[in-house]
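Enquirer: After the C-alpha cells below, expect a handful of questions from me.
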Amino acid sequence: MRFPPRAQVAVTVVAAVTVLFAVLWYGGGRPAALVEGLPSPGLLTEWGLPLVRLLHDVCAVATVGLLLTSVAFTRDEAIRTAARRQVVWWSSAWALTALATIALTLSDFLGLPIPEALGAGVFQTFVLYIPQGQAFLLVAMIALVIAVCAMLKGAEPVLLGAAVFAALPPAYVGHSASAADHNLAVSSLMLHIAAAAIWVGGLYGVLTLVRRDRDLVWGVRRFSTVALCAYAAVGASGLINAWVRLGGLAPLFESRYGLLVLAKIAALAVLGWFGWRHRKVTIARLEAGAAQPAQDEPVGGDSAESADDGPESGTGLAGDRRPFLRLAAVEVAIMTATMALAVGLSRTAPPTTTDVPNVNAALGYVLPSISFDRLLSESRLDPIILLGIAGLVIAYLVGLRRQVWPVGRTVAWFAGILVLLYASTGGLSAYGPAVFSVVSVEYALLGTVVPALLAYGAPIGLAGGRELLPRFLANPAVALACYVASPVFLYLLGFFELAQSSHALHVAMVVVQVAAGLVFFIVVAGVDPLPRAVHTYTRIQLVGIAIAVQVAVGVLLLLGPLQAEDWYALVAVDWVPDRAADQQLGALLGTGITLVVLLGVLVSLVVRVLAARRRVPIPNVQKMDDRRQKK
Ligand code: HEM
C-alpha cells in the first residue's frame, strides 16, 4: 500500500498532536485537577478522547478524499484500485475510532474510567437514545459498510456520498447542540466539516495517489477548482459557526475560544497562500512539464532529492512535479494541524452569550406571532441551502456564457431560483415548522412551483447534453414515482412529524422535493432533450395521475387525522389556536397551488397536441413514435 514518505507522515503527526495538546492546554480542554470525592474519568479518557476525535476526523477526511480522487481526479484504473485498497484501511480505522469515541464519551459523561463506564449497564441506552452515542454509532456503521464495499468497482460515487454523509452526525453533538441558534450552528458546522473533508481529503488523495498518474495535470486542475469552492465554503461556514457561538465581535478578542477562532482564521489565510502559490507557480510548472516530452530523471541524482520523489523517480514523471508535491505535502501537514486546532476548539468552552429572550425551545429560535408582514420579512438563512442555490445560479450563468439562450428560459430559471430562495430561507421556512398551513405552502412551492419553473429553464439543453439525466430517471414511471414520493412519504407513511422536528431532515426535504420535482417536470414539460423518447400522450397521463395523487393527499389532510400533534404540542405557540382549522387551510392552500401548476402544464401539453394535429402532421413520424412507444 502506498503511503506518503515516512518523513512527511512523521512531521504531520508530530505537528498535529503538538497543536492539539497546546490548544487543550490553552483552551481549558485539558484534564481538570482531581477533586476529592468527585468522580473522574481518568487521564486515559481526558487525553484519549480529543486524540481519538482527531484520529476519527483524519480517517473521515482520508476516506472522503480517496473516494473523491477515484471519482473525480484520476482516469487511471491502477490508481483507482490503489485508492480502493486504501479506503478499506482508512474506513475500517474510521469505524474503530468512532466506536472508541463512543466508549470514551460515555466514560467522560459518567465521570468513570472506561472499564467501569462500560460495565455500568448504560451502554445500550447511551448508543440508542443519547445524541452523542447515536451519532457515532451511525458513523461507525456507515464507515464499516464503506470498508466492506470499498473494493466493489464502480461503487465509488455512492460510497463517496455515504462517506460525506457519515462525516456529518458529529456536527449534531458537542457545542452545536447547546448553541443560541441550534439549527444555524448545526447547518454551518455540517457544511464546514463536509467542505473541509472534500478539500483536505482531496489534496491527500492527489498527493498520495495521483502523484504517479501520467495525467497528473488533469487531476490537479480538477482538484484545484474543487479546492477553491471548498476553501470558500470552509471559510464562510466557519465564520458563521463562530459567530453563532461567540454572539458578537468582542468575544473574538476577549475569550480564549475567540482567540482560537482567530488562530483558525489565520490558518485559513496561510492555506489560502498555498492555494495561490499552486495556481501561480506549481501547477504552471506541472503544465509546462506535461507539455515537454518525458525525460528520465538520472537515478541516484541528488540522492536526497530522488529519495523524496518516491516511486516517480526513474519513471520520467518526476521533474516538474516536485514543486507541486513538496508544497502539497507541507499544505497537508498544516491542514492536519488546523484540524487538531479544531478538535481542541470543540473542547474549549465558548464564552457564555447572553441568553436570547423568547427563544422557542423546540424550534431553537425566536418566532414572533405570525402576520403577513412577518411572513415576508422573517428569514432562516441556512448555509447548506444557500450554497446549493449559489451552485444552481453559477451553473446556469456558466451555461449562458457559452451560448445564446431564449430569454423566456432564463426568466423561468431565475424565477424558480427566487421562489426557491424565499420558500427555503424566507418567512415560510421560519414559520413552517410551527404552522401546518405555512409548511403546506412551503412544500407546494418547493415540490411543484420551483421545479416546474426550473424545468422550463431547460437546464439540460443549456448544459448541452441529453445524457445528463440518467436514462432510468427519464422513464415516465420513475419520474412520476419521484414526484409523488414526497407527499406519500410525508402524509401517508407518517414521516411528516419527523421532518418537522429535525432540522437536518428539513434541509434534506428541501433538497429532495426540489430534485424529485425537477426530474418529473423535466420529463413532462418536454422542453429539454431526454435520453429516451416520451410521447406527449404519456406526458398528459403522467400529469393526470399526479393530479389524482395530489387531490387524494389533499382530501386526506382536509378530512383525515391531525398531523404531527406531539410536535405542535411541543412547539406550543399560542397564536395558532385551532390546529384542525389550520390543517384544513393548509390542505386547501397547498393542494390548490400544486393543482394550479399541474393544470397549467396539462393545458400546455394539450395545446401542443392540438397544434400538432392542426399542423398537418407528417403521419409517419407520429406513427413511428407510437410504434416505438408500443415496443
Ligand atoms: C475562517 C476559518 C475558520 C473558522 C472561523 C472555523 C471555525 C470553526 C468552528 C467555530 C468550529 C466548531 C468548533 C466547536 O465545536 O466549538 C470548527 C470546527 C471544525 N473546523 Fe473549522 N474553522 C475555520 C477553518 C478551518 C479549516 C481551514 C479547517 C481544515 C483544514 C477546519 C476544520 C474544522 C473541523 C474538522 C472541525 C470539526 C472539529 C470536530 O468537532 O471534530 N476549519 N471550525
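Enquirer: Which one is nearest to the ligand (Cβ to nearest atom) among residues in the stretch 187-211 that are of a type in the set (Val, Ile, Thr) and open to solvent by 20 Å² or more (accessible area, probe 1.4 Å)?
Expert: Per the stated criteria, the residue is Ile193.
Enquirer: Among the numbered criteria (1) modelled with pLDDT of 90 or more; (2) among the basic types (Lys, Arg); (3) more than 15 Å from the ligand (Cβ to nearest atom), which single criterion is violated by Arg322?
Expert: The number of the failed condition is (1).
Enquirer: Just checking, does the stretch 228-247 include any residue being open to solvent by 10 Å² or more (accessible area, probe 1.4 Å), in the same structural domain as Val19 (by TED's automatic domain parsing) and at positive phi?
Expert: yes
Enquirer: Further question on the same structure: Would you confirm, using the coordinates I've provided, whether Leu490 is open to solvent by 30 Å² or more (accessible area, probe 1.4 Å), in the same structural domain as Val438 (by TED's automatic domain parsing) and out of contact with any strand residue (DSSP E or B) (no Cβ under 7 Å at 6 or more places or on another chain)? If you could, list the steps in order and put the result at the bottom.
Expert: Details: open to solvent by 30 Å² or more (accessible area, probe 1.4 Å): no; in the same structural domain as Val438 (by TED's automatic domain parsing): yes; out of contact with any strand residue (DSSP E or B) (no Cβ under 7 Å at 6 or more places or on another chain): yes.
Judged against the criteria, Leu490 is not a match.
Enquirer: Could you figure out which of (1) within 23 Å of Tyr443 (Cα to Cα); (2) within 34 Å of the chain's Cα centre (by Cα); (3) surrounded by 12 or more Cβ atoms within 10 Å (Cβ to Cβ) isn't true of Arg532?
Expert: Going through the list (1) within 23 Å of Tyr443 (Cα to Cα); (2) within 34 Å of the chain's Cα centre (by Cα); (3) surrounded by 12 or more Cβ atoms within 10 Å (Cβ to Cβ), Arg532 breaks only (1).
Enquirer: Check off (1) open to solvent by 70 Å² or more (accessible area, probe 1.4 Å); (2) modelled with pLDDT of 90 or more; (3) within 23 Å of Ser40 (Cβ to Cβ) for Pro113 and give me the number that stays unchecked.
Expert: So the condition that Pro113 fails would be (1).
Enquirer: Across the stretch 75-108, what is the total count of residues that are open to solvent by 60 Å² or more (accessible area, probe 1.4 Å) and touching a Pro at 6+ places or on another chain (Cβ under 9 Å)?
Expert: Taking the stretch 75-108 and keeping what is open to solvent by 60 Å² or more (accessible area, probe 1.4 Å), we get 75, 77-78, 85, 89, 96, 99.
With the extra rule that they be touching a Pro at 6+ places or on another chain (Cβ under 9 Å), the set shrinks to none.
Counting residues in the stretch 75-108 that are open to solvent by 60 Å² or more (accessible area, probe 1.4 Å) and touching a Pro at 6+ places or on another chain (Cβ under 9 Å) gives 0.
Enquirer: Still on this model: Take the stretch 24-60 and flag every residue that is open to solvent by less than 20 Å² (accessible area, probe 1.4 Å) and within 16 Å of the ligand (Cβ to nearest atom).
Expert: Within the stretch 24-60, Leu24, Gly27, Gly29, Gly48, Leu49, Pro50, Leu54, His56, Cys59, Ala60 qualify.
Enquirer: Within the stretch 246-259, is even one residue in a helix (DSSP H, G or I) and within 8 Å of the ligand (Cβ to nearest atom)? Working first, answer last.
Expert: Narrowing the stretch 246-259 to residues in a helix (DSSP H, G or I): 246, 250-254, 256-259.
Then keep just the ones that are within 8 Å of the ligand (Cβ to nearest atom); that gives 257.
Within the stretch 246-259 (the criterion being in a helix (DSSP H, G or I) and within 8 Å of the ligand (Cβ to nearest atom)), the answer is yes, since at least one residue qualifies.
Enquirer: May I ask you to list the residues in the stretch 498-526 that are touching a Phe, Trp or Tyr at 6+ places or on another chain (Cβ under 7 Å) and at pLDDT 90 or above?
Expert: Once the filter is applied, which keeps residues that are touching a Phe, Trp or Tyr at 6+ places or on another chain (Cβ under 7 Å) and at pLDDT 90 or above, the stretch 498-526 yields Gln513, Ala516, Gly517, Phe520, Ala525.
Enquirer: Read through the list (1) of a type outside the set (D, E, K, R); (2) surrounded by fewer than 15 Cβ atoms within 10 Å (Cβ to Cβ); (3) in contact with a Pro (Cβ under 9 Å, 6 or more places away or on another chain), then give the number of the only condition that Val555 fails.
Expert: (3)
Enquirer: At pLDDT below 90, away from the ligand (no atom under 16 Å from the Cβ) and open to solvent by 20 Å² or more (accessible area, probe 1.4 Å) - does that describe any residue in the stretch 331-352?
Expert: Looking through the stretch 331-352, none of the residues is at pLDDT below 90, away from the ligand (no atom under 16 Å from the Cβ) and open to solvent by 20 Å² or more (accessible area, probe 1.4 Å).
Enquirer: Report every pair of residues separated by at least 6 positions or lying on different chains whose Cβ atoms are under 8 Å apart, first residue within the stretch 442-465 and more than 9 Å from Gln513 (Cβ to Cβ), second charged (D, E, K, R) and part of a loop (DSSP other than H, G, I, E, B).
Expert: Here the result reads Ala455/Asp528; Ala458/Asp528; Pro459/Asp528; Ile460/Asp528; Gly461/Asp528, each pair linking the stretch 442-465 to a residue that is charged (D, E, K, R) and part of a loop (DSSP other than H, G, I, E, B).
Enquirer: Based on what the data block shows, is Ile417 among the β-branched types (Val, Ile, Thr), open to solvent by less than 70 Å² (accessible area, probe 1.4 Å) and at pLDDT 95 or above? Walk me through how you get there before you give the answer.
Expert: Working: among the β-branched types (Val, Ile, Thr): yes; open to solvent by less than 70 Å² (accessible area, probe 1.4 Å): yes; at pLDDT 95 or above: yes.
When the stated conditions are applied, Ile417 passes them.
Enquirer: Could you list, ordered by first residue, the pairs with Cβ atoms under 7 Å in which the first is in the stretch 85-102 and within 17 Å of Leu160 (Cβ to Cβ) and the second is assigned to a helix (DSSP H, G or I) and hydroxyl-bearing (Ser, Thr, Tyr), at least 6 apart or interchain?
Expert: Val87/Thr63; Trp90/Thr63; Ser91/Thr63; Trp94/Thr63
Enquirer: Somewhere in the stretch 143-155, is a residue open to solvent by less than 50 Å² (accessible area, probe 1.4 Å) and more than 21 Å from Leu55 (Cβ to Cβ)? Before the answer, list the steps.
Expert: Start the filter on the stretch 143-155 by keeping residues that are open to solvent by less than 50 Å² (accessible area, probe 1.4 Å), which leaves 143, 146-147, 149-150, 155.
Those left that are additionally more than 21 Å from Leu55 (Cβ to Cβ): 149, 155.
Checked against the condition, which is being open to solvent by less than 50 Å² (accessible area, probe 1.4 Å) and more than 21 Å from Leu55 (Cβ to Cβ), the stretch 143-155 yields at least one hit.
The values are calculated or read from the model by the stated rules, or taken from the named source; none is laboratory data. Computed from a predicted structure; not experimentally measured. Glycine also receives a Cβ, built like all others from the backbone with ideal geometry; neighbour counts cover every protein chain displayed. For accessibility, only protein heavy atoms count, side chains too; no ligands or nucleic acids. Shrake-Rupley method; radii C 1.70, N 1.55, O 1.52, S 1.80 Å.
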